[in-house]
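Participant: Below you'll find the structure I mean.
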Amino acid sequence: MVYEALDFYDIESECTEEEIMVRDMVRDWVDEEVIPNIEAACREGRFPEEWGKALGEMGVLGMTIDEKYGCAGMSYVAYGLVCQELERGDSGLRSFASVQGSLAMFPISAFGSEEQKMHYLPKMASGEWIGCFGLTEPDYGSNPGDMITKASDQGDHYLLNGAKMWITNGTVADVAVVWAKLDGVIRGFIVEKNDPGFSAPEMTGKHSLKASVTSELVFQDCKIPKDRMLPSVKGLKGPFSCLNNARFGISWGAIGSAQACFHSAKEYALSRIQFDHPIASYQLVQNKLSWMLREITKGQLLALNLGRKKDAGTWIPEQISLAKMNNVDMALEIARMARDIHGANGILDEYPIMRHMANLESVKTYEGTHDIHNLIIGRWITGIQSFTRTL
Amino acid sequence: MPEIAVLVKRVPDTNAKIAISGDRVDLSSVKWVMSPYDEFALEAAMMHKESNGGTVTAITLGTPDCDKVLKDAKAIGVDRIVRVWDDSWSDLDSNQVQSALVSALKELSTEVVYCGKSAADTGASSTGPGVAERMGWASVSNIIGIEFEDAGVEVLIPRNIGNARTGVSLPAVISCDKGFCKPRKPNVKGIMMAKRAQVEVLGADIPTSSINIVSHTPPPQKASGQKFEGAGNVPTVVAALRNDANVI
Ligand SMILES: Cc1cc2nc3c(=O)[nH]c(=O)nc-3n(C[C@H](O)[C@H](O)[C@H](O)COP(=O)(O)OP(=O)(O)OC[C@H]3O[C@@H](n4cnc5c(N)ncnc54)[C@H](O)[C@@H]3O)c2cc1C
């Protein structure tokens, strides 16, 4: 079954030739390498190492970062299209790319010293070194500002103490960008996998993002050299800048999942005969397909518009919140509707539906939960923050 | 070090549904791609350069709409991209196409030409041999394997009773079948190079055409399949496969 992307409002015509070339490059790779192997990877609960290498070879890791550091210096729209195609394969695959590019490479490129950039970025762009991003802690998820992990200045080195949880790529990472408090102020630190006092055990038992590695990061008097702190950022601005980029990518990625579910539901509805006719001929089913098309199309317009704003530098974080929240929400609803259209077949791993649905439950929660984004937008509307009781 | 050229053609995506409007094919809404066999020719040209040095020039013939296939070739790593065209041209016949390509190949001092064994739209298989004929060069067609030597290449050509390993000295035109190599994929850096690359446009003197297309018609509709259910039908199916379909 040849994949034909839904493009009701001809988004393609709004993209440049090279943006489409990059999209098609990733689309073909996902069709050839990912879709035939993803179910096995999920069943085994592993992220195929060769996929990370392939992403590096294609040059999509940290692809918006300057060419000087071995990256591609491409547009955010191109990055969005890449996320869309990766997530059409699997949200775990897109998570890998988001974490590597937006959460690990981006802070080094934006807040790192020139030496840090030259040292880490080219090897991370090629996929030789894998990165992770440690912000969330067991007791601080939506509220990272109160994190416990801390760094102490020991003269010629820092000591890190604390624990992070739910860290994508943690166990397989060579480089961890870790946020910790130094004298009460949040700072970014680069921790390498062999640093003494650092370990990253894998978290198991996930029903979602099974092809993505999720880990704890544990720091027990973890000793790191002085030149591993990111010099140019203090406070929550550091991690939040990274999250803005990753959330932007997710707003495109979710369209990919939704497209996969829509495509499967459409094909299934056209071929499944009940009461002598294809179920696609019944109005209730058409209503569902029409709803899917409508939501995907709106999501595409939102993502494209945001992408152009990102490239022009005229965006505000609340616009990213809206796109992340809306597009993940619609994708999850489309996955559920698609499951319904597939009837019993919808629960089988022969179809991508249940996998996307389960994955999207994580995507709804990470990078700012759905409701945290509502609160961000609520604050923008009213001027009143409602995250805490101290008003 | 050889001047290598590869001929690439823009064709409708092989999955595209082709419609006829009036008495002409309507290609206004099809997706265009590089003809699939040309991807293997491109790979062979790149392998040739990797083995023997030289430069690879990708050449297409057509309007500026065809630049995309050249950009695709550039993204994969060819050195130059050339489009042969003159705004006074429209719908060229094979004779004109081959003459125009030959003019460009001469201008580029090409020593070896790779192309697909046929284009996915016309399926005529005439360009490779036709170009060789006009150049007065050796022509090997439908190759399914290749090795590079100092003064030429050794190719594998399918024959009815097996394959012929054939040495060819340059200059030559080599048309490629699929499957003997894995066409390399572009990467983002290649795509950025392609974005910046300039397409060189060459004109040519071509003969006047002596043919004209009167009309296009769609292929006949395929008869719908037959469905047999249950073990009792096995003899009927076997008989149909043997007598009607001639497959067993
Ligand atoms: C698969 C996966 C991968 C992840 N990868 C990473 C990673 O790489 N790096 C990293 O740092 N983190 C990662 N995370 C963590 C993720 O960012 C957090 O799970 C997320 O921030 C939510 O935190 P929490 O799970 O502690 O939920 P909580 O913050 O406890 O939220 C629970 C519920 O309470 C709601 N809630 C919380 N506060 C409020 C409020 N003020 N008002 C109203 N409702 C509220 C939330 O919306 C949610 O519905 C990952 C998570 C998952 C599931």
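The values are calculated or read from the model by the stated rules, or taken from the named source; none is laboratory data. Predicted model only: the values in this text are computed from it and were never measured. In this analysis, Cβ positions are derived from the backbone assuming ideal geometry, glycine residues included, and neighbour counts consider all displayed protein chains. When the accessible area is computed, the model is the full protein with side chains, heavy atoms only, and any ligands, DNA or RNA have been set aside. Shrake-Rupley method; radii C 1.70, N 1.55, O 1.52, S 1.80 Å.
Participant: So A:PRO225 passes all but one of these: (1) open to solvent by 30 Å² or more (accessible area, probe 1.4 Å); (2) within 16 Å of A:GLY134 (Cα to Cα); (3) in contact with a strand residue (DSSP E or B) (Cβ under 7 Å, 6 or more places away or on another chain). Which condition number does it fail?
Facilitator: Unmet condition: (2).
Participant: Please return the ranges of helices (runs of 4 or more DSSP H) entirely within segment A:45-107 where 1 or more residues are within 11 Å of chain B (Cβ to nearest Cβ) and more than 23 Å from A:GLU192 (Cβ to Cβ).
Facilitator: A:49-58, A:76-89
Participant: Given B:ALA44, B:ALA104, B:ALA58, B:ALA19, which one is among the small types (Gly, Ala, Ser), away from every other protein chain (no Cβ under 14 Å) and farther than 27 Å from B:SER209 by Cα?
Facilitator: Only one candidate passes the filter, namely B:ALA44.
Participant: Do we have any residue at all in segment A:15-26 that's more than 11 Å from chain B (Cβ to nearest Cβ) and of a type in the set (D, E, K, R)?
Facilitator: no
Participant: Looking only at segment A:340-352, how many residues end up being open to solvent by 30 Å² or more (accessible area, probe 1.4 Å) and free of Cβ contacts under 8 Å to residues at least 24 places away in the same chain?
Facilitator: 4
Participant: Is there a residue being within 11 Å of the ligand (Cβ to nearest atom), open to solvent by 60 Å² or more (accessible area, probe 1.4 Å) and more than 22 Å from A:ILE108 (Cβ to Cβ) anywhere in segment A:130-138?
Facilitator: Taking every residue of segment A:130-138 in turn, at least one turns out to be within 11 Å of the ligand (Cβ to nearest atom), open to solvent by 60 Å² or more (accessible area, probe 1.4 Å) and more than 22 Å from A:ILE108 (Cβ to Cβ).
Participant: Also, quick follow-up: Test A:ALA151 against the criterion of being closer than 15 Å to A:PHE189 by Cβ, away from every other protein chain (no Cβ under 14 Å) and part of a helix (DSSP H, G or I), and give yes or no.
Facilitator: no
Participant: Find the residue count for segment A:108-129, including only residues that are open to solvent by 20 Å² or more (accessible area, probe 1.4 Å), part of a helix (DSSP H, G or I) and among the polar types (S, T, N, Q).
Facilitator: 1
Participant: I've got another one for you. Mind listing whichever residues of segment B:12-38 are under 25 Å from B:LYS49 (Cβ atoms) and hydrophobic (A, V, I, L, M, F, W, C)?
Facilitator: So the first thing to find is which residues in segment B:12-38 are under 25 Å from B:LYS49 (Cβ atoms), and the list is B:33-38.
Passing the criteria: B:VAL33, B:MET34.
Participant: Of all residues in segment A:109-129, how many are in contact with a Leu (Cβ under 6 Å, 6 or more places away or on another chain) and of a type in the set (A, V, I, L, M, F, W, C)?
Facilitator: The qualifying residues number 2.
Participant: Could you pull out the residue among A:GLY45, A:GLY56, A:GLY92 that is over 12 Å from the mean Cα position of the chain (by Cα) and within 16 Å of the ligand (Cβ to nearest atom)?
Facilitator: Sole residue among the options that is over 12 Å from the mean Cα position of the chain (by Cα) and within 16 Å of the ligand (Cβ to nearest atom): A:GLY45.
Participant: If A:ASP340 satisfies all but one of (1) closer than 20 Å to A:GLN300 by Cβ; (2) away from the ligand (no atom under 12 Å from the Cβ), what's the number of the condition it fails?
Facilitator: Failing condition for A:ASP340: (1).
Participant: Right, here's the next one. Can you name the condition, by its number, that B:ASN95 falls short on among (1) crowded, with 20+ Cβ neighbours inside 10 Å; (2) assigned to a helix (DSSP H, G or I)?
Facilitator: (1)
Participant: Something else: Can you name every residue in segment B:98-126 that is among the polar types (S, T, N, Q), open to solvent by 40 Å² or more (accessible area, probe 1.4 Å) and modelled with pLDDT of 95 or more?
Facilitator: Within segment B:98-126, B:SER109 is the sole residue that qualifies.
Participant: A follow-up question, please. Got at least one residue in segment A:241-249 being part of a strand (DSSP E or B) and hydrophobic (A, V, I, L, M, F, W, C)?
Facilitator: No, because not a single residue in segment A:241-249 is part of a strand (DSSP E or B) and hydrophobic (A, V, I, L, M, F, W, C).
Participant: Across segment A:206-222, what is the number of residues that are more than 12 Å from the ligand (Cβ to nearest atom) and open to solvent by less than 70 Å² (accessible area, probe 1.4 Å)?
Facilitator: The number of residues fulfilling the criteria is 3.
Participant: Checking the structure you have, find out if any residue of segment A:27-43 is within 12 Å of chain B (Cβ to nearest Cβ), open to solvent by 80 Å² or more (accessible area, probe 1.4 Å) and in contact (Cβ under 8 Å) with a residue 24 or more places away in the chain.
Facilitator: Scanning segment A:27-43, I find no residue that is within 12 Å of chain B (Cβ to nearest Cβ), open to solvent by 80 Å² or more (accessible area, probe 1.4 Å) and in contact (Cβ under 8 Å) with a residue 24 or more places away in the chain, so the answer is no.
Participant: Kindly indicate whether any position in segment B:217-240 is on the phi < 0 side of the Ramachandran plot, open to solvent by less than 30 Å² (accessible area, probe 1.4 Å) and more than 14 Å from chain A (Cβ to nearest Cβ).
Facilitator: yes
Participant: Same structure again: Please state which of the following conditions A:GLN319 fails to meet, knowing it meets all the rest: (1) within 16 Å of the ligand (Cβ to nearest atom); (2) open to solvent by less than 70 Å² (accessible area, probe 1.4 Å); (3) of a type in the set (S, T, N, Q).
Facilitator: A:GLN319 satisfies all of (1) within 16 Å of the ligand (Cβ to nearest atom); (2) open to solvent by less than 70 Å² (accessible area, probe 1.4 Å); (3) of a type in the set (S, T, N, Q) except (1).
Conditions (1) of a type in the set (S, T, N, Q); (2) part of a strand (DSSP E or B); (3) touching a His at 6+ places or on another chain (Cβ under 8 Å), marked per residue:
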| position | (1), (2), (3) |
| --- | --- |
| B:THR14 | yes, no, no |
| B:ILE20 | no, yes, yes |
| B:SER29 | yes, no, no |
| B:VAL33 | no, yes, no |
| B:THR57 | yes, yes, no |
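Participant: Filter segment A:108-129 down to the residues that are of a type in the set (S, T, N, Q) and within 22 Å of A:SER95 (Cβ to Cβ), then identify the one that is farthest from the ligand (Cβ to nearest atom).
Facilitator: A:SER126
Participant: Look through segment A:353-385, keep the residues that are within 7 Å of the ligand (Cβ to nearest atom) and without any contact (Cβ under 8 Å) to a residue 40 or more places away in the chain, and return whichever of them is surrounded by the fewest Cβ atoms within 10 Å (Cβ to Cβ).
Facilitator: A:ASP371
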